[in-house]
Every structure is written in structure tokens, then in C-alpha cells.
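Worksheet for the structure shown next.
The values are calculated or read from the model by the stated rules, or taken from the named source; none is laboratory data. What you see is a predicted model, and the numbers here were worked out from it, not measured in a lab. When we count neighbours, we look across all protein chains shown, and the Cβ atoms used for this are built from the backbone with ideal geometry, even at glycine. SASA here: full protein model, heavy atoms, side chains in, ligands and nucleic acids out. Shrake-Rupley method; radii C 1.70, N 1.55, O 1.52, S 1.80 Å.
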Amino acid sequence: MLLEPIRPSLDDRVRALNESYRHHSATAVLERALNDPDVGNLALVSSFGAESVVLLHLVSVVAPGTPVIFIDTEMLFPETLEYQRELAQKLNLTDLRTIRADRRDTSFEDPDGTLHQFNTDACCNLRKVVPLERALKGFDGWITGRKRFQAGTRAALEFFENEENKRLKVNPLAHWGREDIEDYMVNNRLPRHPLVAKGYPSIGCAPCTSPVKEGEDPRAGRWRGSRKQECGIHFVGGKAVRGPVAQDNTKENAA
């Protein structure tokens, strides 16, 4: 009787993929990831935020039929919703999937829409994490626009990640800097999110995003006044990040 070959673990696949693509450009990583059987079936998850147009444009050129998942938390800026409609049309995104929290969940957990005022983690989980987890079922991985320069928690970001042994996470722009983003947007004449000109270099939900002053970190306006840095969609060491990650030489922190 023939035995089925043993499939490498997700950790092994991630290590092999990062080694294989280590010296590739963002476009090459994206193009090959969307066609590599070791990567599998992917969807792009986009916030349609300040820098989202770069990755959306790349995907529209490389593989225009790629599913694009947009999480409408129902607390977004009106400008974000309008920008989403503009980009969907301009980039001819043919498989755009807008997802929202289940009405039964919001009615039970946040009936008056004030959960964010006293528990931002619970609000993000309700309106972002749970709907996205539901939407990603059936996919082997997802594509993000995260970059190393965005936060200390992302400083060691690789092209490929193991998301809690569930699926792959692909970060084609991991090594790009702010100047790369700017150059790409200018050279390709891509439309800007209207709130960027009003002092919002990083844009999330309206109640939890504020303008950033000159000299502040670009993400200072996200959950201002708290140590929260991530909405819970992205994890470090299997946990949603609340603040800077301490660096030491222990095996746990190096993992």
C-alpha cells in the first residue's frame, strides 16, 4: 500500500518560503505567492487606509481576480467608505468582499455602540477579529500590507508568517520604507485617502483614530492615550500586542 507523503509543518513551510523568497522584490513575492502551491489559496485583507492603495494596485496588476476582503466595522470614517468605493472602481477589483460583524453579536455585545469607550479590545474582537476569522475559512493564507517601519512590534517582520498554526500570512511590503510607499504612489498616480491631508497618516475606526501632530509617530493617533498598538487581527508570539515587545535572549521571546 502506498503511503501518502508527510506534509511539512506550517513552521517548516514558513521557514522554507522565507529562505526561498528572501532576496525577492515585493512584486516577485506577491506574484509567486499567488501561484505557489506551497502557499495555497490566498485572499488580500485591506483596510483601505492611508497606504492600502499600494498593495491593492499591485494585486490588481499581478492577479486582478484575487479575493479582496474589506472589514466594515460600521465605525469607519465616511471618507474611508467613499475611498473604498473609488478604489474598487478605479482598480477594477473584481472580487471585493465586504464583511461585517453578525447582527446578533453586535446586538448582544454592543447594543448601543459604546463598547469602544470602555473596552477597545472587546470592540476590535467583535467588529474585526471574529468577522475576519469567519471570512478566512477556506483560505490557506492571507495577504497583508504590514511593514517593518510601522511599529516596533513589526520590526522583524518577514515575508511569510505562521498565524497560530492555522494559516499563512503573507507580507509582500514587509521591507518597504515610507519613501518606497511614497514613490510608488507618485509614480503610479494613485489616489490618496482624503484624511491623509488632514493629518491622519494611519487610519482606523473614527472613534479610536485622531490626527497626528508634526514630529509624532505616524501611528500615534491610533488608540491615543493607551498602550494598544494592534487591533487583534495581527499577533506577536500568539498574542494581540498591547505595547512594545521586550527583547531578550530567552527561547520564548525569540520564537
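If the chain linking residue 188 and residue 166 were pulled fully straight, counting 0.36 nm for each residue of separation and taking away their Cα-Cα distance, it would gain 4.4 nm.
Between residue 210 and residue 134, what FRET efficiency follows from the Cβ-Cβ distance if R0 is 30 Å, with the result rounded to 0.05? That pair, residue 210 with residue 134, gives E of 0.50.
Between residue 90 and residue 224, the distance separating the two model label sites (each 7 Å from Cα on the Cα→Cβ line) works out to 2.7 nm. For residue 141, the residues whose amide H sits under 5 Å from its own are 41, 43, 168, ignoring neighbours fewer than 5 places away on the same chain, with H placed 1.01 Å from N.
Computed on segment 1-105, with alpha-carbon pairs under 8 angstrom and 6+ residues apart, the relative contact order is 24 percent. Could you tell me which of rounded, prolate or oblate describes segment 5-142, using a ≥ b ≥ c as the square roots of the eigenvalues of the alpha-carbon gyration tensor, with rounded for a/c under 1.5 and, failing that, prolate when a/b is larger than b/c and oblate otherwise? Oblate, because a/c is 1.5 or more while a/b does not exceed b/c. List, in the order given, every pair from 90/128; 137/213; 166/198; 90/166; 166/213 whose Cα-Cα distance in the structure shown is over 30 Å. Distance filter (> 30 Å) returns 137/213; 166/198; 90/166; 166/213. Taking 0.36 nm per residue of separation and subtracting the current Cα-Cα distance, fully stretching the chain between residue 122 and residue 180 would add 17.4 nm. Compute log10 of I(q)/I(0) for segment 82-161 with the Debye formula, placing one identical point scatterer on every Cα and leaving out solvent, at q = 0.11, 0.19, 0.21, 0.26 Å⁻¹, to two decimals. The computed values of log10 I(q)/I(0) come out as -0.46, -1.13, -1.15, -1.12. Here the translational diffusion coefficient of segment 1-70 follows from Stokes-Einstein with Rh set to the Kirkwood radius across Cα pairs; for 4 °C and 1.567 mPa s it amounts to 93 µm²/s. Using a probe of 1.4 angstrom and keeping all protein chains present, the accessible surface of segment 125-225 works out to 47 square angstrom per residue.
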